[in-house]
Each structure stands twice: as structure tokens, then as C-alpha cells.
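As C-alpha cells, the structure follows; a few thoughts come after it.
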Amino acid sequence: MRARRLSDERGIALAVAVFALVVIGALVAGTFFAGRLEQQTGSNTFMAAQAAEAADAGLSDAVAGATAATLLALKTDIDSTQTLTALTVGYAGNHVSATRTIHWLNNNLFLVRSIGTRRSASGAQMASRSLAQLVRLVQADVEVNAGLTALGDVTVTGGAEVTGFDAVPPAWVGKAQCPALDDVTGVLYNNGTLTAKGNGKVQGDPSSAVDPTLNTTDMKKDFDKLKALATLTLTNSNPPATAPAYTGNPVRCDASVQTNWGEPTPALATDACFSYFPIIYHNGNLKLQGGRGQGILLVEGDLAASGGMVFYGPVFVTGTLSTTGNSGQGAKFFGGVIAGNVALDDLTKLAGGALVSYSSCAIKRALDNTATPGALAERSWVQLYQ
């Protein structure tokens, strides 16, 4: 058989060229597809990072802005939720924001959740990340076991009264959530004598008791712990009458004013300062002349109160507590007073219609609202997956 001549195999070059073009086209298409996929993956990763940054920023802002008052305002059930204002996170890019909610878990434990979102220019959601953090209220370690606790002599005269009978302050009756009443000792003291004269009255369960364990070292240690938590340092030793102060529009409570110690009147529950409870510290002798306040008062020195001054919450005085004023116009302390002196020769003198009334309600409200929100030390942050 004769072999075919090569000249009979026509068109092979065209076939090879077409095949080469197909292969090259497939390689180019594959390269473009891989590049497109890489670009889209990078874009998605970038937008996810923006959403995560927004969630983190929203969570940090929510935790930093949380106050005891806002947390305690939640209803006490597991479904109680407070939605915070959406936060625009401009530094993370355009169309990036975070929505935040706070969930009540128990009396001092809350879950703060932040959802960061990256949207397109048209508003479509491109990426979302969710973070949450457990926050608890850290209260001051305060233990008040009597209407008045003192190291030295106690003199109650001129119609003044010290009572350990647990009672809701008159202005708060029916208007405040209070714990069950539990009477305590009226006057608890050591290294001194108790004198009640001139219509002075001491009552409680019992009316008075001597506690030999009271000492300056322990009292000063407790005082210093509270001093470290102070939120308002009073520099004026003879300030004008304390009263709420306001700033801005809408009106906000002005915590920068040293004589602003909150608004303790329940009839003004909508007042901007009603939920403001400072921990007030003054170094040196302090003279108070009228006004009203709430929170925790710390005086490292002597305290002289007059002019109908009314304070709701625990009061700690390292030196002498004294009051003056006409009948019915003496200073009134609802909560409890602890006074002491390192020299052990202080005189706690209440006169002129003064009143020291033990009130677990005033103490609880002060401690609850002066608490500091803080993240749990361990396992306080978690990324949530939807």
C-alpha cells in the first residue's frame, strides 16, 4: 500500500492555532476569575473588619457610658432590654455603624451587646459582626450597723434624736423601692460615754450598746477604701447650701458643680439630677449650711452641719460631728452616721432638732446608685455568631 503524501494533510495549522487560542483564553479567563475572586475576598474581609471594628467601638462606648442609674432603670426580668442610640463609627469607613442593647440578667449583672454593620451606599448590608460583654455593678463596701457609730463621747441634747428604728425617709414613703425594714442599735460606741439630755432622744433595738471592737485602725481603713472611690472632691470648707445644678439643652445634671449633690426628692423623679449620687470627699474640717444631697459623704476632719441640711445616704466623719440650729431646723441624716477620731477624744454632739435616722432604704439606694459598672475580670467578652 502506498503511504499518503504529507501534502494531503491540509488544515492542521488552523486547528492547532484554534486550540492554542482556546487554551490561552481559558488561562486568561481563569486568571481573571481568580483575580476577581481574590479581590472580592479581600473586599469582604475588609468590610468584615470594618463591621468588627464598629462592633468593638460600639461595645466600648456602651460600657464606658453605662451608669448605675441607667442599668438599674431596667426592669428586673430576663427579657428587660434597653436599646441605646446607634453609633456611627466614622473612623472605620463610610456607612459603618453599631447598634447596642443592654440586657438585665440579675440585680447586678448585665449583658451589653453591640452589632457592627457595614452597608453599601444604597443601604444594603454588606457585613455584620456581633460582640457582647458581661458587666456588673461594683458597689462600695459599706457596713452600717447602727443609726450612729462613734468611738468617743456621744451627747444628744436640745431636742435632737438618734434612732436605729429602720424607717423609710418621710418624703420617700410610697415612692421608693425599699428592702424589708430591720431595726438596729441606735448608738453604737466605744471609749466614751453616752449622754442624752434636754429632750434629746436615743432609740433603737437596743437604744444603745458598747462595742469594744470599734477601733480607729479599722475605721480609718474602711474610710480610705471609700476615699479611693470618691467621685467629687470638695475643696471649699464652707460651701453655700447644696442644691442640684444643670447645664445644656436638653437639660443635663451638671456634675462639675461642687455643691451639686443630686436631687433626693421623689416628687422630682423626672429631674435630671434625681439619679445623680456622688461619693463626696473633703479633706479637713467642713461646715455645711443648709441644702440637700444624696450619695456617700466622707469628711476627713470635723463636720459641722446647720441650717436644715438634709442628706440621704451613709456619712463618715473621722473627727467630730456637731450640729446647730433652731428647733426643727437642725441637720437631718437619713441612712446612718459613722464618726471617729484617731485621738479617741472626739465629741459627737447633736443639738437643735437634729436627726440621725437609720434607713436601710437610703443606704441601699445610695450604694446601688454609686456603684461603678465594670467588665468581669474573666470571660467578659465574646464574639456572637448569628
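The values are calculated or read from the model by the stated rules, or taken from the named source; none is laboratory data. This structure is a prediction, so every number in the text was calculated from the model and none was measured. All Cβ positions, even for glycine, are placed from backbone atoms using ideal geometry, and neighbour counts span all protein chains on display.
Here are the numbers:
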quantity	calculated
Index of the failed condition, A243 passing every other in (1) surrounded by fewer than 12 Cβ atoms within 10 Å (Cβ to Cβ); (2) farther than 20 Å from T155 by Cβ; (3) touching a residue at least 40 places away in the same chain (Cβ under 8 Å)	(1)
Number of positions in the range 47-66 that are over 15 Å from S97 (Cα atoms) and in a helix (DSSP H, G or I)	3
Subset of the range 35-69 (residues that are over 30 Å from the mean Cα position of the chain (by Cα) and within 16 Å of N94 (Cβ to Cβ))	S43, F46, M47, A48, A49
Any chance T217 is hydroxyl-bearing (S, T, Y), exposed (fewer than 15 other Cβ atoms within 10 Å of the Cβ) and not in a loop (DSSP other than H, G, I, E, B)	yes
Pair list, Cβ under 6 Å, 6 or more apart: the range 203-218 residue closer than 23 Å to S357 by Cα, other residue among the charged types (D, E, K, R)	D205/D183
Matching residues in the range 247-260 - criterion: being modelled with pLDDT of 95 or more and either of a type in the set (K, R) or not in a loop (DSSP other than H, G, I, E, B) (or both)	none
Odd one out for S60 among (1) of a type in the set (S, T, Y); (2) surrounded by 15 or more Cβ atoms within 10 Å (Cβ to Cβ); (3) at pLDDT below 80	(3)
The range 167-182, subset closer than 20 Å to G330 by Cα and of a type in the set (G, A, S), residue surrounded by the fewest Cβ atoms within 10 Å (Cβ to Cβ)	A171
Test: residue in the range 289-299 that is surrounded by fewer than 14 Cβ atoms within 10 Å (Cβ to Cβ) and in contact with a strand residue (DSSP E or B) (Cβ under 7 Å, 6 or more places away or on another chain)	no
Any strands (runs of 3 or more DSSP E) falling wholly within the range 126-166 and containing at least 3 residues that are surrounded by 21 or more Cβ atoms within 10 Å (Cβ to Cβ) and small (G, A, S)	146-150
Residue match in the range 250-266 (condition: touching a Leu at 6+ places or on another chain (Cβ under 6 Å), within 18 Å of T370 (Cβ to Cβ) and of a type in the set (S, T, N, Q))	yes
The range 64-80 residues that are outside the structural domain of H103 (by TED's automatic domain parsing), paired with ones that are modelled with pLDDT of 80 or more and assigned to a loop (DSSP other than H, G, I, E, B) (beta carbon under 7 Å, 6 or more apart)	none
Residue list for the range 220-236, filter: of a type in the set (V, I, T) and in a loop (DSSP other than H, G, I, E, B)	T231, T235
Residue satisfying all of: in the range 264-300; in contact (Cβ under 8 Å) with a residue 60 or more places away in the chain and among the aromatic types (F, W, Y); nearest to K221 (Cα to Cα) among these	F277
Of the criteria (1) surrounded by 18 or more Cβ atoms within 10 Å (Cβ to Cβ); (2) part of a helix (DSSP H, G or I), which one A267 fails	(1)
Test: residue in the range 322-336 that is under 19 Å from the mean Cα position of the chain (by Cα) and either at pLDDT 85 or above or not in a loop (DSSP other than H, G, I, E, B) (or both)	no
Options P239, P244, P179: the member that is in contact with a Ser or Thr (Cβ under 6 Å, 6 or more places away or on another chain), at negative phi, modelled with pLDDT of 90 or more and part of a loop (DSSP other than H, G, I, E, B)	P239
Selection within the range 117-155 - within 30 Å of S208 (Cα to Cα) and small (G, A, S)	A140, A146, G147, A150, G152
Every residue from the range 48-63 that is closer than 17 Å to N108 by Cα and either among the acidic types (D, E) or without any contact (Cβ under 8 Å) to a residue 40 or more places away in the chain (or both)	none
Subset tally (residues that are in contact with an Asp or Glu (Cβ under 7 Å, 6 or more places away or on another chain) and not small (G, A, S)) for the range 141-180	3
Candidates G198, G186, filtered to the one that is farther than 30 Å from T117 by Cβ and surrounded by fewer than 21 Cβ atoms within 10 Å (Cβ to Cβ)	G198
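Every residue, every condition in (1) at positive phi; (2) at pLDDT below 85; (3) surrounded by 10 or more Cβ atoms within 10 Å (Cβ to Cβ), yes or no:
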site: R2; (1), (2), (3): no, yes, no
site: L6; (1), (2), (3): no, yes, no
site: R10; (1), (2), (3): no, yes, no
site: L14; (1), (2), (3): no, yes, no
site: G25; (1), (2), (3): no, no, yes
site: F33; (1), (2), (3): no, yes, yes
site: E38; (1), (2), (3): no, yes, yes
